[in-house]
Amino acid sequence: MNATFLLPVLILLSSLVPGMIIFFLPEEWRTARTALNLFGAVLKVLLVGLVALGIASGEAYETRLPLVPGVDLALVIDPLAILLSVLSAVLWLVTTIYAVGYLEGSPDRSRFFGFFSICVTATVGVAMAGNLVTFLLFYELLTLSTYPLVVHRGTEVARRAGRAYLFYTLTGGVLLLAGIAWLYGIAGTLEFAPRGFLSELPADVHPELTAIFVLLIAGVGVKAALVPLHGWLPQAMVAPAPVSALLHAVAVVKAGAFGIVRIVQNVYGVEFSEELGVAGPLAAVASVTIVYGSLRALQQNDLKRRLAFSTVSQVSYIALGVAIAGPIASIGGLVHLVHQGIMKITLFFCAGNFAETLGVHKVDEMRGVGRRMPWTTGAFTVAACGMIGLPPLAGFVSKWYLGLGAAAVGDSWVILILIVSGLLNAGYFLPILYIAWFEAPPEPAEQTPRSGGRLETSWQLLLPPVATAALTLIVGLFAAAPWSPLRWVQLVASLGFAE
Amino acid sequence: MTGAELYALTGIALFVIGLHGLIRYAHLMRKILALNVTGAGVFLVVAALAERGQDGTPDPVPQALVITGIVVAVAATGLALVLMLRVASATGRAELPDPRSE
Amino acid sequence: MTGADGTPLIVAALLLPLAGAAIAFAMPRTTRWVGIATAVVLLAVVVMLCGAVGAGGELSHAVGGWGAPLGIALRVDGLSAAMLLTTAAVSLAVAAYGRSYFRDESAGPAGFTPLSMLLIAGLNALFVSGDLFNVYVTLEVLGLSAAALVARAGTPEALTGAMRYLLVTVAASLVYLLGVALLYHLTGTLDIRLVGARLESGAAAWSAVGLIGAAMLLKSAVFPLHFWLPPAHANAPAPVSALLSALVVKASLYVLLRVWLDVLPAARADFGAVVGALGCAAVLWGSTQALRQDQLKLLVAYSTVAQVGYLFIPFAFTSAAAAGTAWRGAVYLVLCHALAKTAMFMSVGNIQLFGGDRIGELDRVVQRLPLTMAAFAVAGITVAGLPPSGGFVAKWLILEAAVQEGRWFVSAVVLVGGLLASIYVFRVIGPAFTKGAQPRQPRRVPNAMEWVAFAVALATVLLGFFGMPLLELIDAGAPFGNALEPER
């Protein structure tokens, strides 16, 4: 038993154990709870960082526990796993700080943070899963642990949202399970391989493999909010802002998108997906989702709903990237996994700040918020510009590689999609920015009690969006640096293709 | 038809009559009696099917089974009668409600 | 097949609960600790027995030193060991819970402890019996003690439920006995294996197996013979419901499985298809009925009807490999479902004590009884077969077998059954989060009752991760290994 064996388990335990303890803490023990939360979050970032360094220097990390004859619970850390692990570990830390500030004084916080921790454990488990069964295990754990967060407020609306969420995700889970069991019957193994493990199978099972692909993608597509499986996401907006941030940027939607990447790259293999003829339809579905999500976002006046439909649209860039042949587009898709997370979490933090500090929930109520909350609005602006794809921000890098990759393999229609979607993104984000900065605030500008003294709001609410907005800028500006997500993604993508 | 076969067929007839009574009649007393008729039928079958040795001595095992079975049946009947009385005093009727109405 | 090592353990597993029952009956004041002490020792004995079976394969013991044709053989293979382990684990949980549950009753746990110990003794005797008539006696012990336990609740519904259950179970036992009489007539022995070795296919043999099969389906409440189960299980006191749903319905599954494996290989293909189809129907029917219930205990009881259906699905498989996989899954499900149902009935018992037994009355139970609700939710995950839980492992094995044999309908039933189960579980959990219209004055629920329910539920999650040793135990002595192909 050595470090390479223990580290994957420790990474999971670093959030699971604090979470379990937090459940049993009395509601009033605020300091102890916060300390435990932050301890777990920081520890996870450190552990994940350690493993990332190890992977970069060629170390391998793997832990196995036989579940049933032939199928193991496998935690295998590869570069792709690192991508999602680092993202969720870092964003969890930030979100924890935000949530502590956001939920100050509200009831049932021990329950909230307990499930919050399990939720991140599940996400990192999804990242490190070494085969489909392990993936399914953490994927379902994620569903179950986010449900109490969605219904946290206990209102009738929250309950309905929770019901929709469960109905969609559990049905997705069943489809996924069906696909996995079927695949196991055909292939006899479920272990992820760098370039897939199905290309050697005889041609007469190809129709079955196509059907299984549909089942698997439909299963993970629910969480990735592929149209028409996206219905739960806008409804889940009733949850508290940190939960929305978690759903959209760190955990649920990401787990779905990540699942698409795993299935295309490590189950079927990008090249075999092309050969089977399933990649094209996936790219088409992703494109429809991109355009549809943006169109719906245009119509929303509720800020969080607009952001939700924006997520529907943006996450499909990831699916689009891996569905297009060739490594360059894959780079674009994969790097968007990280970039979308950073940008979207910023936007949700900011939306939460507007709601909490000013009571502003709708776009047309945002007149002049730029003057009253310049830091928050500034962060919002950076992230929104990133989403639109303005250079040198994070979103630009993703879209650049997507376009480049599509052009390289002659899929020029993708570039059209990118342009249309960029225009639509601008169409639903720029008016917000205009209203926020250039329209006069309504008189009198009432202030809610949650003021942070000299700051525009409490520091726990302000620091996270400013930090992630800065990251949006940094990962774009320094995309060529050796430690950047882009560099890492280039390594990941290179594994998925023959020399 | 040998005597043993006749006994066996009679036993099976009793068994069927008993089951019929158990399902057909609502009153618990009738159900319990029907159950005992069923039991008697089974015991008759067991005894009738016992093999006889060369010298006509019967196989002791079925006899032992029937005796044990009768003991069990007495215990079951006793419990059933107690339950019936309690049902009658709790609901005022010695009958079971229709399961579909519950 | 030497029983030297295991004999004292087998005898101890039989005598311990009987001794506990006798002490508790004779000295009612001791019941507060006799039940739990017996259960602890029993669990220890059974764990050692499992160890011995796992290491050495099948153990056997001839009662009084008489050999098989004349005497009574006791046998313990992996299948028996798994059933014994399930029984011991549930009995410990129920004893611990029952101590608090019956605390306020005038009679204390006096009636509960001896009767439940008698029930456990009957189960243990059944699982080690190698003799068809012994099985009859143990089935009657089970049936009578279970009916008496149901009646302990004393309400009109419980009394009528107990009465119906008693009539059904005694009638089923008589049907079984008629089948055994035919088998004895045909083979001249009551030892299950000898019957299997001597029996030749024919109308009489088919009738015998058919009678035994019908009797056991009735006792296990397999659709459409389930009518007696919901009223009995839903109106019994919570610990009794736990015993019934967790253990008693599986006893008859065990009997059917033994007969099916050992007695008439020729009957397997046709008979198995019918039983498997009934299992599928039970899954769908039980789940949809559970979805329609408003009363919590009825919901859980219908869930038992559905889950028992899963246990009968493997009868449908014909190839050795698939059937072996599916049976491993089903026996594992016996254990996981037993623990999950125990936890669920305990949670519902807590909620009833707290006040309210309908879904509409779950007024913020999550916040007021968090451990109880957590127990219900976690147990529900196993019932729904969602990972990570033991139920997932079990259903994965059944699903794997179904795919392997290309039985798409069975696969679909397993999947849809899981989805329906998650819906009825979350129908309960959802309202527990919201604020009710009329908050009531709650009664206090003893901590022990909350913790026991939670601990049992947690065990089902651990079974999702550490199931391999148990799956290997089930295989010890190859209970399914040599008897699966229709013709050997």
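The values are calculated or read from the model by the stated rules, or taken from the named source; none is laboratory data. If you're wondering where the values come from, they're calculated on a predicted model, not measured in any experiment. Because the Cβ atoms are built from the backbone with ideal geometry, glycine has one as well, and the counts that use them run over all protein chains shown.
Quick notes
- Residue check for A:S421: closer than 16 Å to A:R306 by Cα and in a helix (DSSP H, G or I): yes
- For A:G378, the requirement of being more than 30 Å from A:G280 (Cα to Cα), surrounded by fewer than 24 Cβ atoms within 10 Å (Cβ to Cβ), among the small types (G, A, S) and modelled with pLDDT of 90 or more is met.
- Across segment A:460-470, a minimum of one residue is classified as over 21 Å from the mean Cα position of the chain (by Cα), closer than 23 Å to A:F348 by Cα, of a type in the set (S, T, N, Q) and part of a helix (DSSP H, G or I).
- Any chance A:G162 is within 10 Å of chain C (Cβ to nearest Cβ) and in a helix (DSSP H, G or I): yes
- C:A377 falls short on exactly one of the conditions (1) facing chain A (nearest Cβ under 10 Å); (2) not in a helix (DSSP H, G or I), and that condition is (2).
- Checking A:G125 against (1) more than 10 Å from every other protein chain (Cβ to nearest Cβ); (2) in contact with a Phe, Trp or Tyr (Cβ under 6 Å, 6 or more places away or on another chain); (3) surrounded by 23 or more Cβ atoms within 10 Å (Cβ to Cβ), the condition it does not meet: (1)
- Among residues of segment A:105-128 that are under 16 Å from A:V151 (Cβ atoms), those with a beta-carbon under 6 Å from a residue that is of a type in the set (S, T, Y) at least six positions away or on a different chain give the pairs A:F115/A:S145; A:I118/A:S145; A:C119/A:S145; A:C119/A:T146.
- Summed over segment B:8-30, the residues that are touching a residue at least 40 places away in the same chain (Cβ under 8 Å) and of a type outside the set (G, A, S) give a count of 3.
- Summed over segment A:165-200, residues that are away from chain C (no Cβ under 14 Å) and either of a type in the set (D, E, K, R) or under 27 Å from C:G391 (Cα atoms) (or both) total 4.
- Qualifying residue in segment A:201-208 (condition: within 9 Å of chain C (Cβ to nearest Cβ) and free of Cβ contacts under 8 Å to residues at least 60 places away in the same chain): no
- B:L79 being part of a helix (DSSP H, G or I), surrounded by 19 or more Cβ atoms within 10 Å (Cβ to Cβ) and in contact with a Gly (Cβ under 8 Å, 6 or more places away or on another chain): no
- Exclusive hit being within 21 Å of A:P194 (Cβ to Cβ), at pLDDT 95 or above and either assigned to a helix (DSSP H, G or I) or of a type in the set (D, E, K, R) (or both), set A:L136, A:L83: A:L136
- In the set C:A44, C:A82, only one residue is crowded, with 17+ Cβ neighbours inside 10 Å and modelled with pLDDT of 85 or more; that residue is C:A82.
- Considering residues of segment C:385-398 that are facing chain A (nearest Cβ under 8 Å) and part of a helix (DSSP H, G or I) only, the residue nearest to C:T304 (Cα to Cα): C:F392
- Restricting attention to segment A:148-159, the residues that are surrounded by fewer than 24 Cβ atoms within 10 Å (Cβ to Cβ) and assigned to a helix (DSSP H, G or I) add up to 5.
- The lone exception for A:L404 - which of (1) touching a residue at least 40 places away in the same chain (Cβ under 8 Å); (2) farther than 22 Å from A:R487 by Cβ; (3) not small (G, A, S) it fails: (2)
Residues are listed down the side, and each one gets a yes or a no for (1) basic (K, R); (2) within 21 Å of A:S88 (Cα to Cα); (3) free of Cβ contacts under 8 Å to residues at least 24 places away in the same chain:
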residue: A:K223; (1), (2), (3): yes, yes, no
residue: A:Q235; (1), (2), (3): no, no, no
residue: A:P240; (1), (2), (3): no, yes, no
residue: A:H248; (1), (2), (3): no, yes, no
residue: A:I260; (1), (2), (3): no, yes, no
residue: A:V264; (1), (2), (3): no, no, no
residue: A:V267; (1), (2), (3): no, no, no
residue: A:E271; (1), (2), (3): no, no, no
residue: A:G277; (1), (2), (3): no, no, no
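- Listing of helices (runs of 4 or more DSSP H) fully contained in segment C:140-236 that carry 2 or more residues being over 25 Å from C:A246 (Cα atoms): C:156-187, C:192-198, C:203-219
- Any chance B:A34 is under 24 Å from C:L177 (Cα atoms) and not in a helix (DSSP H, G or I): no
- Only residues that are in contact (Cβ under 8 Å) with a residue 40 or more places away in the chain, facing another protein chain (nearest Cβ under 8 Å) and either under 20 Å from C:F102 (Cβ atoms) or of a type in the set (F, W, Y) (or both) were counted in segment C:148-188, giving 4.
- Conditions (1) in a helix (DSSP H, G or I); (2) away from chain B (no Cβ under 13 Å); number of the one not met by C:R103: (1)
- The number of residues in segment B:49-93 being facing another protein chain (nearest Cβ under 9 Å) and within 22 Å of C:T189 (Cβ to Cβ) comes to 11.
- Any hit, segment A:217-230, residues being more than 14 Å from chain C (Cβ to nearest Cβ) and over 23 Å from the mean Cα position of the chain (by Cα): no
- Any hit, segment C:399-407, residues being more than 9 Å from chain A (Cβ to nearest Cβ), in a helix (DSSP H, G or I) and of a type outside the set (G, A, S): no
- Of all residues in segment C:282-320 being touching an Asp or Glu at 6+ places or on another chain (Cβ under 9 Å) and assigned to a helix (DSSP H, G or I), the one that is surrounded by the fewest Cβ atoms within 10 Å (Cβ to Cβ): C:A320
The rows are residues; the columns are (1) of a type outside the set (D, E); (2) within 11 Å of chain C (Cβ to nearest Cβ); (3) touching a His at 6+ places or on another chain (Cβ under 9 Å); (4) surrounded by fewer than 21 Cβ atoms within 10 Å (Cβ to Cβ).
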position	(1), (2), (3), (4)
B:I23	yes, yes, no, yes
B:M29	yes, no, no, yes
B:T38	yes, yes, no, no
B:V45	yes, yes, yes, no
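- Residues that are surrounded by fewer than 17 Cβ atoms within 10 Å (Cβ to Cβ) and of a type in the set (A, V, I, L, M) were ranked within segment A:46-68; the one that is nearest to the other protein chains (Cβ to nearest Cβ) is A:L65.
- Residues that are within 14 Å of another protein chain (Cβ to nearest Cβ) and modelled with pLDDT under 85 were ranked within segment C:435-480; the one that is surrounded by the fewest Cβ atoms within 10 Å (Cβ to Cβ) is C:A437.
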